[in-house]
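Heads up, the thing below is written out as structure tokens.
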Amino acid sequence: MLLKMDLVFAVLVLACLQSFVLPDSQGVALFSLRKSLNISPNQLKDWNADQINPCSWSNVKCDRNNNNVVSVILAHIGFSGILSPELGALKNLQTLSLQGNGITGEIPKEFGNLISLSTLNLENNNLHGEIPASFGNLKNLHFLNLNNNNLSDTIPASLSSLSNLISLQLASNALMGQIPEQLFSVKTYNFTRNHLNCGVILPHPCATDIYGSGAKSKPKLGIIVGLLVGLTILLLLGGLLYFTGKRRHKGFKREVFEDVPGDQRIAFGQLIRFSWRELQLATDNFSEKHVLGQGGFGKVYKGVLSDNTEVAVKRLTDYERPGGDAAFQREVEMISVAVHRNLLRLIGFCTTPTERLLVYPFMQNLSVADRLREIKPGEPVLDWPTRRQVAFGTARGLEYLHEHCNPKIIHRDVKAANVLLDEDFEAVVGDFGLAKLVDVRKTNVTTEVRGTMGHIAPEYLSTGKSSEKTDVFGYGIMLLELVTGQRTVDFSRLEEDDDLFLLDHVKKLEREKRLDAIVDRNLNDSFNVQEVEMMIKVALLCTQESPEDRPLMSGVVRMLEGDGLAERWEEWQNVEVARRQQNERLQRRFDQGEDSVCNQDAIKLFGER
């Protein structure tokens, strides 16, 4: 009897001890994640802190042999909150997918302890801060997707040690600095829409939605094969051009196209070299009904590729003669390295002995000029917040071209028609670098003045010399387009005894303090008066006669943010008042017939010699 009672007592004690066993570290880590993500009571109900083993929890997968958690997938559920650093305890975790939620905060450095991790997807959240350098410990990582967050700082060099990485997606963040060279060996990479530096120092283009080369085997052999193939192609092209030239000399006028064989695309870094035939089919043989616009560099056609991708194809003018293909391609690749969320991404190009074409994404919302002055019935006008957003975005894109690209890129034709609008009505500067591309084939120093009347800076018009201050002038005129909605040159204003040029028209109205007459009537008084006044002031500072007096684009960005505008505006007004007074004195002397220095010079000129 006593023995039986001892056994019962022992069983009871064992049961009590078991009831006090703590949940394992995996369950603790996962439950800490549940608490940090601000999950509602109706979500993940079975994630119970009192349950020892989390392998029966929803969205959790374990290894059947040892009950280790190997997968946690909580994608597109709508969580908020932050990421728990305790998740780093899951040493056997292979897949962590939390994309498409509203997660904020930083990525914990403890995630570098997930040494078995193969896939990490945090895309489409609101994460900020830096990419942890501890990610360099994730030696088994194959797929890393951090697209569409607010991550900043530089890309850690430690990512270069991830030799098993197959896909690296870092697009649409606020990353800065240089991209580690080794990351271009990853098979698939995307660095677009960041603030990453560009320039000739990079061995590969910065940004891509396309596949980079991941081949690592026998690189010396690859170089030799590449050289041999390249030499063969050059010899063939040389023979073709020689043969073409001879036929032309004999009177043959048939157009000859050097095309990509078999309508196959060839990738150059992140660029695609399209075949002539592919673009011809995409644009219905460059039909006039598909023309999106026309400028000093040629016509732009809407096209649809064979995979139904909509593109914009720019057919450059002034390429009637063969040659210059290598120089053109080199410049295209250099410009394609300029990657910024406010710059139009170049998809690819096409060259033949007589043609040069550039291929861009098609912008559904067209250009700022279209939205200001080509409004179709029933279409909404650009509201003031959008116009303000366009002003900021364009300024940041130009600042990037001028001050973060090496060598710097001068646009030469900044205007509302060259600022496109993406699906979110974000400003995307197009046609940057085209002037440089067109000038590649020129052998003389003097270049043709390219631009649009009313946008061209006076020093560029008179000397043909452009600089970043040329773009600043064009940007100032574009700001006036945003505020007024008007064209830069309007002959109808002459009928009202007014100024032909928009700049002179606005200056006159600003002096008269007639803000109501400046602002676009289509806004129907729905605008912020202080912001309008600020934008007009910035525009007039950007369009000063002397390029030395104009601000840099980095200064423009700061002034748009309210930094330093008041001081520069006061200084400009003092100069303007003095200039107007001097002009008025000269005009009075002329009207009164006084002998001015000019009159005396005229007398000497026509006097006896």
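The values are calculated or read from the model by the stated rules, or taken from the named source; none is laboratory data. Bear in mind that the values here come from a model prediction, so they are computed numbers and not experimental data. Every residue, glycine as well, gets a Cβ built from its backbone with ideal geometry; the counts of neighbours run over all protein chains shown.
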Return the residues of segment 392-405 that are under 14 Å from Met478 (Cβ atoms), crowded, with 24+ Cβ neighbours inside 10 Å and not hydroxyl-bearing (Ser, Thr, Tyr); say none if nothing qualifies. Ala395, Gly397, Leu398
Restricted to segment 522-544 and to residues being of a type in the set (D, E, K, R) and at pLDDT 90 or above, the residue farthest from Thr394 (Cα to Cα) is Glu533
Matching option when the condition is surrounded by fewer than 14 Cβ atoms within 10 Å (Cβ to Cβ) and of a type in the set (S, T, N, Q), among Ser84, Ser40, Ser36: Ser40
At least 1 residues that are modelled with pLDDT of 90 or more and surrounded by 19 or more Cβ atoms within 10 Å (Cβ to Cβ) in each: list the strands (runs of 3 or more DSSP E) lying fully within segment 273-351 that qualify. 298-304, 310-316
Against the condition over 23 Å from Ile409 (Cβ atoms), at pLDDT below 85 and not assigned by TED's automatic domain parsing to the domain that holds Val70, how does Ala215 come out, does it pass? yes
Checking the structure you have, find out if any residue of segment 543-557 is under 26 Å from the mean Cα position of the chain (by Cα), over 30 Å from Pro380 (Cα atoms) and of a type in the set (Asp, Glu). no
Which condition breaks for Ala391 when tested against (1) part of a helix (DSSP H, G or I); (2) among the small types (Gly, Ala, Ser); (3) without any contact (Cβ under 8 Å) to a residue 60 or more places away in the chain? (3)
Consider only pairs whose beta carbons are under 7 Å apart and that are at least six residues apart or on different chains; among these, list those whose first residue lies in segment 75-94 and is on the phi > 0 side of the Ramachandran plot and whose second residue is of a type in the set (Val, Ile, Thr). Gly81/Ile103
Go through Asn92, Asn150, Asn125, Asn121 for me and flag whichever is surrounded by 19 or more Cβ atoms within 10 Å (Cβ to Cβ), at pLDDT 90 or above and in contact with a strand residue (DSSP E or B) (Cβ under 7 Å, 6 or more places away or on another chain). Asn121
Quick count over segment 519-573, residues being among the β-branched types (Val, Ile, Thr) and within 25 Å of Ser467 (Cα to Cα), is 5
Counting just the residues of segment 175-206 that are surrounded by 15 or more Cβ atoms within 10 Å (Cβ to Cβ), in contact with an Asp or Glu (Cβ under 9 Å, 6 or more places away or on another chain) and part of a loop (DSSP other than H, G, I, E, B), which one comes out modelled with the lowest pLDDT? Leu202
